[in-house]
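The values are calculated or read from the model by the stated rules, or taken from the named source; none is laboratory data. Only a predicted model underlies this, so the values are computations on that prediction, with no experimental measurement involved. Here the Cβ positions follow ideal geometry from the backbone for every residue, glycine too, while neighbour counts run over all protein chains shown.
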Amino acid sequence: MESNNSNSILDRVGRRSGMTVPDGYFQDFADRMAASLPVQEWERDAASSPARRSVWQIVRPYVYMAAMFMGVWCMMHIFNHVSSSPEMTIEGNTVLAQAVGSDTFIDDYILDDADSADLLDDVWNESI
Amino acid sequence: MSNKPSPEASARLEERLRDPSQARKAFGDVIAAYSEPLYWQIRRMVNNHDDANDLLQNTFMKAWLSLDNFRGDARLSTWLYKIAINESLSFLEKEKRRAGVSIDSPDARAASASLSADTHIDGDTLALQLRQAVSQLPEKQQLVFNMRYYDDMKYEDMSAILGTSVGALKASYHLAVKKIEKFFAGED
């Protein structure tokens with residue numbers, strides 16, 4: 001239990017300490033103190049480093065890389081689509097089927113074992 | 001008048017302090033916000049305006065120079081109070097060593113001399129008597145009494161600053177009040 005005597009003294013004094021400061025002391029102090037702070041090494045480093053980059057500048061390389069992958073994916077998708085198209089198969093393309101079924105086409109375009117003497121004979125026989 | 005920032009404003013200030021491009025401006029705001037509460041804390045310990053002024057400058061200078069050590073583990077106010085109190089205790093220790101007195105053995109003459117040397121007072125006799133009573137206490141008890149009585153600081157905050165348990169602080173405050181009571185009983 002705290003004494004009534006002490007409490008009455010403390011109650012009578014309140015929070016007053018009786019101490020004062022010169023007029024405008026705190027404002028003057030803050031101004032003087034802020035002006036007297038020495039420049040620190042890390043402040044110089046921050047000042048000499050490049051200006052802070054914008055969000056776009058930071059994400060730009062990632063956006064470009066994502067766009068490149070999207071382009072590659074699109075190209076692969078298109079190639080896959082073309083190669084699996086029915087027009088590109090023998091069964092699905094009548095012109096191609098006729099050509100493959102023709103001996104002349106095979107002789108003229110596929111077989112390459114003709115020598116120059118045979119070619120001259122062919123030219124002679126065809127009266128060209 | 002105390003213009004200590006709110007916890008939210010203090011958190012924003014801490015964030016700006018960690019940004020090297022904003023730290024100087026933010027520290028100016030720290031000085032503006034904390035110079036008054038820290039000044040009174042120091043002044044009540046050293047009982048003299050000129051010494052309090054020097055110690056307050058040292059406090060902010062040390063805080064500025066060790067700003068990169070402030071990681072935000074402790075609150076900004078706790079960190080600043082710790083520096084101010086350490087500066088003041090070191091100063092008092094030097095003064096007492098110079099006078100050949102132990103820091104834990106209050107010396108009535110030294111305290112009276114310090115109080116009478118203080119020219120920035122308002123002439124309130126009762127307040128001066130209380131200061132004399134407080135100056136008779138050991139430094140650590142003075143600290144606890146001043147923080148609790150004049151600043152109305154919570155025991156939890158005092159515990160964070162002084163690194164002492166809440167129970168020990170309560171006991172210390174109780175003892176301080178008892179000694180002040182004894183001082184005034186002797187005055188009557």
- Note on the structure: Restricting segment B:136-157 to residues that are in contact (Cβ under 8 Å) with a residue 40 or more places away in the chain and in a helix (DSSP H, G or I), the one nearest to residue B:7 (Cα to Cα) turns out to be B:157
- Query: Looking at segment A:1-105, what helices (runs of 4 or more DSSP H) fall wholly within it and have at least 1 residues that are at pLDDT below 85?
  - Reply: A:4-13, A:41-48, A:55-83, A:94-101
- Message: Looking for something at pLDDT below 90 and surrounded by 19 or more Cβ atoms within 10 Å (Cβ to Cβ) - is there at least one such residue anywhere in segment B:161-178?
- Response: no
- Query: Cβ-Cβ below 7 Å, separation at least six or inter-chain, first residue in segment B:17-42 and within 28 Å of residue A:48 (Cα to Cα) and more than 10 Å from chain A (Cβ to nearest Cβ), second assigned to a helix (DSSP H, G or I) and of a type in the set (Gly, Ala, Ser): which pairs?
  - Reply: B:17/B:23; B:17/B:26
- Query: Taking the condition over 30 Å from residue B:67 (Cβ atoms) and within 14 Å of chain B (Cβ to nearest Cβ), does residue A:32 pass?
  - Reply: no
- Message: So, residue A:117, is that one more than 26 Å from the chain's Cα centre (by Cα), in a helix (DSSP H, G or I) and away from chain B (no Cβ under 14 Å) or not?
- Response: yes
- Message: Test of understanding: among A:34, A:66, A:47, which residue is within 38 Å of the chain's Cα centre (by Cα) and within 23 Å of residue B:64 (Cα to Cα)?
- Response: A:47
- Task: Would you check which residues across segment B:12-34 are among the hydroxyl-bearing types (Ser, Thr, Tyr) and either surrounded by fewer than 21 Cβ atoms within 10 Å (Cβ to Cβ) or closer than 14 Å to residue B:70 by Cα (or both) and list them?
- Result: B:21
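Listed here are the residues, each with its yes/no results for (1) over 30 Å from residue B:20 (Cβ atoms); (2) of a type in the set (Asp, Glu); (3) surrounded by fewer than 10 Cβ atoms within 10 Å (Cβ to Cβ).
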site: A:45; (1), (2), (3): no, yes, no
site: A:48; (1), (2), (3): no, no, yes
site: A:54; (1), (2), (3): no, no, yes
site: A:60; (1), (2), (3): no, no, no
site: A:80; (1), (2), (3): yes, no, no
site: A:85; (1), (2), (3): yes, no, no
site: A:91; (1), (2), (3): yes, yes, yes
site: A:100; (1), (2), (3): yes, no, no
- Task: Restrict the check to segment B:70-77 and report whether at least one residue is touching an Asp or Glu at 6+ places or on another chain (Cβ under 7 Å), of a type in the set (A, V, I, L, M) and modelled with pLDDT under 95.
- Result: yes
- Criterion: modelled with pLDDT under 90 and buried (at least 19 other Cβ atoms within 10 Å of the Cβ) - qualifying residue of B:131, B:109: B:131
